[in-house]
Amino acid sequence: MYDPKSKKAEEFIDDAEIKETLRYAAENRNNIPLIESILEKAARLGGLSHREAAVLLECGDPASIEKIYALAREVKRRNYGNRIVMFAPLYLSNYCVNECRYCPYHHHNTHIARRQLSQEDIVREVVALQDMGHKRLALETGEDPVNCPIEYVLESIKTIYGIKHKNGAIRRVNVNIAATTVENYRRLKEAGIGTYILFQETYNKESYEYLHPAGPKSNYAYHTEAMDRAMEGGIDDVGCGVLFGLNLYKYDFVGLLMHAEHLEAVFGVGPHTISVPRVRTADDIDPDEFDNGISDEIFQKIVAVLRIAVPYTGMIISTRETQQTREKVLELGISQLSGGSRTSVGGYAEDETENSSQFDVSDNRTLDEVVGWLLDLGHIPSFCTACYREGRTGDRFMHLVKSQQIGNCCDPNALMTLKEYLEDYASPETRAKGEAMIAQMLPCIPNEKVRRLTAEHLAEIAAGKRDFRF
Ligand code: SF4
Ligand code: SF4
């Protein structure tokens, strides 16, 4: 029944294939020759199948685990350099008709205030985000066809792209809204969204149906096939993810990779990003109900194996995780990070009320503190949105990443957008650290002409010009 090319959820995420994969991985957990051969394959940067990745995730041999981590660091370095792309979530509405058992926005939670931002509210929120220095947003809404229809989302995107405040601009709007129709995806594409993000939560149909007892989201197939409809609607950058801790993590890990294989098999391009959220405490959610929580150690292993299994897919981590955890997984494969996040509706322009957040934030630092911290760790915080704006999406984006030209494209873009941030928003300490990073990294740009142009643009940015890109 398993068929990665099938358009039916239960055939491309086949339960029997996942269980057989887990059995195979458990059987081979100490099969060192097999593990070595998988690592050799992964080192060629061609990615791994879900079965091969499952063997690495299951591996219990300490020396082999060290090799997995070393290879993940190497893949990260070769494909993403030391850049980390920054973004912020923006919650537009917390009305929701669904009954997800793990989310405080579920329909029957009467403790929280329901709110939908007006277009004027959105302007205030976005100005606050621009004043922090953000250029890339992820829009978040609950699902409610009456209180948050697609027309509202489209209007909000138009408002956001239209806000020009001082030197600020939101240059890429990614969207995380409920599964919808091909027609609505087409409208989102026309509105100029970057990535369409939808978390599967869990790939296990039985758990999924238990966790989503009512509302449109309770339809497992409709939810699981959403990325296919998004791609049919012309969106070629899609972002997948599971909420680790809802179900047994090994099952969801395999399901996630099978989903990526399916998109690759049908559309010729896998997910643009994968997010790795873990269940967090929240209002009206019984923490004892979710006892599949994963340790930091397992979380790190998941990130490392994903990094080598899908080497060209960006990986995202949010402020759900602590500074310590974020620090650890950055080097193992994470390429995008949120900073200064608020997870409630209206949380940037107003003080957050205690119980209106979707989840508790573990990293409460300001964007400036996060940028300074990344620089201290030797990463380049990047506010780059160049690919989307140059039309390098889908397979054109993958071509750039696979061509090993990132040193001549992503690195200069990172340095120039960091320079903009330093000029417009940074504290004196962060600015000093950032200038030192730019001075250190500029000579490392391989192509002489690109290096010279970057130096010229950096000088122009210092003189007040903005928005250069390769
Ligand atoms: Fe609604 Fe999304 Fe929360 Fe489910 S996870 S209750 S769909 S906001
Ligand atoms: Fe990402 Fe493209 Fe910018 Fe590189 S140039 S950092 S791939 S948006």
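The values are calculated or read from the model by the stated rules, or taken from the named source; none is laboratory data. Computed from a prediction, not measured in an experiment: that's the story for all the values here. Every residue, glycine among them, receives a Cβ derived from its backbone with ideal geometry; neighbour counts consider all protein chains shown.
Examine the range 79-99 for a residue that is in a helix (DSSP H, G or I), under 21 Å from the mean Cα position of the chain (by Cα), free of Cβ contacts under 8 Å to residues at least 12 places away in the same chain and more than 9 Å from ligand 1 (Cβ to nearest atom), and state whether such a residue exists. No, every residue in the range 79-99 fails to be in a helix (DSSP H, G or I), under 21 Å from the mean Cα position of the chain (by Cα), free of Cβ contacts under 8 Å to residues at least 12 places away in the same chain and more than 9 Å from ligand 1 (Cβ to nearest atom). Picking from residues in the range 102-123 that are surrounded by fewer than 16 Cβ atoms within 10 Å (Cβ to Cβ) and in a helix (DSSP H, G or I), the one that is farthest from ligand 2 (Cβ to nearest atom) is E120. Entry remark, the range 361-408: residues being in contact with a strand residue (DSSP E or B) (Cβ under 7 Å, 6 or more places away or on another chain) and surrounded by fewer than 14 Cβ atoms within 10 Å (Cβ to Cβ) number 0 in total. Restricting E354, E369, E350 to residues that are away from ligand 1 (no atom under 16 Å from the Cβ), at pLDDT below 95 and in contact with a helix residue (DSSP H, G or I) (Cβ under 9 Å, 6 or more places away or on another chain) narrows the list to E350.
Return yes or no: is V153 assigned to a helix (DSSP H, G or I), within 14 Å of ligand 1 (Cβ to nearest atom) and surrounded by 18 or more Cβ atoms within 10 Å (Cβ to Cβ)? Yes; evaluated as a whole, the condition is true for this residue. Once the range 307-349 is narrowed to residues that are free of Cβ contacts under 8 Å to residues at least 60 places away in the same chain and more than 19 Å from F87 (Cβ to Cβ), the residue that is surrounded by the most Cβ atoms within 10 Å (Cβ to Cβ) is K328. Within the range 27-69, the set of residues being under 13 Å from A304 (Cα atoms), within 23 Å of the chain's Cα centre (by Cα) and not hydrophobic (A, V, I, L, M, F, W, C) comprises G47, Y69.
Consider the range 340-391 and keep the residues that are part of a loop (DSSP other than H, G, I, E, B) and aromatic (F, W, Y). The one that is farthest from ligand 2 (Cβ to nearest atom) is F359.
Among the residues of the range 112-131, some residue qualifies, meaning at least one is in the same structural domain as T343 (by the TED database), modelled with pLDDT under 95 and not charged (D, E, K, R).
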